[in-house]
Amino acid sequence: MTLEPLKHYTFHAYLISVDIKLSNARWTAEESITELSELCKTAGLIVKGSYIQQRRSPHRGSYIGKGAVEGLKTIIEENKIEVVIADDELSPSQQRHLEEELCIKIMDRTSIVLSIFAKHARTHESMLQVELAQLDYLLPRLTRMWTHLSRLGGGIGTRGPGETQLEVDRRQINTKIKYLKKELNKVIQHRETIRQKPTDIPLLTAALV
């Protein structure tokens with residue numbers, strides 16, 4: 001299970017951000033959420049609006065305050081919003097809490113960037129790197145719900161007696177992560193071999209055109 005490119009879908013998105021007014025910030029919250037909006041458009045989303053909340057720090061449980069979460073419910077219903085996207089990387093607990101409160105898909109800046117990378121990956125190495133990054137991002141965000149991971153490939157473990165679906169999912173993802181790392185190492189070693197001088201390679205090499 002990975003964060004697939006969004007190019008085949010048209011989701012109506014709403015953006016949220018927390019402005020903590022850092023004196024040494026390189027850009028403002030408005031500039032940051034404008035950039036996020038452009039990233040969302042690149043990922044294939046339709047941005048319907050945004051909200052910036054001024055706080056001393058992001059809410060530990062829900063990123064934005066409880067009152068703002070309640071206000072979002074009305075915005076989501078009136079504008080038929082299908083995904084809410086945070087301008088910062090959400091913790092697994094923040095993402096889970098927002099999904100439970102708002103009952104829609106929750107994403108963050110990191111997941112949008114990964115989706116764009118997946119959309120534009122062309123080489124075998126880049127595809128492996130993106131999938132590995134997606135699984136690393138997904139692993140701590142698994143919840144105790146039935147998440148179908150059949151796309152990880154058949155034969156990667158089976159459910160044992162007394163094992164919860166969450167444990168199965170985690171084990172399958174960890175197995176796929178190990179596999180991807182091995183494949184990446186093979187690609188890197190192959191590239192380094194190709195870069196060697198011809199005299200350093202003990203075998204005769206050729207190219208077919």
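Observations on the model:
- Residue selected from segment 58-104 under the condition in contact (Cβ under 8 Å) with a residue 60 or more places away in the chain and within 20 Å of the chain's Cα centre (by Cα), by the criterion nearest to residue 40 (Cα to Cα): 85
- Members of segment 22-33 found to be of a type outside the set (D, E, K, R) and open to solvent by 30 Å² or more (accessible area, probe 1.4 Å), listed by number: 22, 23, 24, 25, 27, 28
- Selection from segment 105-137 of residues that are of a type outside the set (Asp, Glu) and more than 15 Å from the chain's Cα centre (by Cα): 122, 123, 124, 126
- The criterion of at least 3 residues that are open to solvent by 60 Å² or more (accessible area, probe 1.4 Å), among the acidic types (Asp, Glu) and in contact with a strand residue (DSSP E or B) (Cβ under 7 Å, 6 or more places away or on another chain) is met by none of the strands (runs of 3 or more DSSP E) wholly inside segment 34-115.
- Residue within segment 80-91 that is charged (D, E, K, R) and at positive phi present: yes
The values are calculated or read from the model by the stated rules, or taken from the named source; none is laboratory data. Being a predicted model, the structure only gives us computed values, none of them experimental. All Cβ positions, even for glycine, are placed from backbone atoms using ideal geometry, and neighbour counts span all protein chains on display. For accessibility, only protein heavy atoms count, side chains too; no ligands or nucleic acids. Shrake-Rupley method; radii C 1.70, N 1.55, O 1.52, S 1.80 Å.
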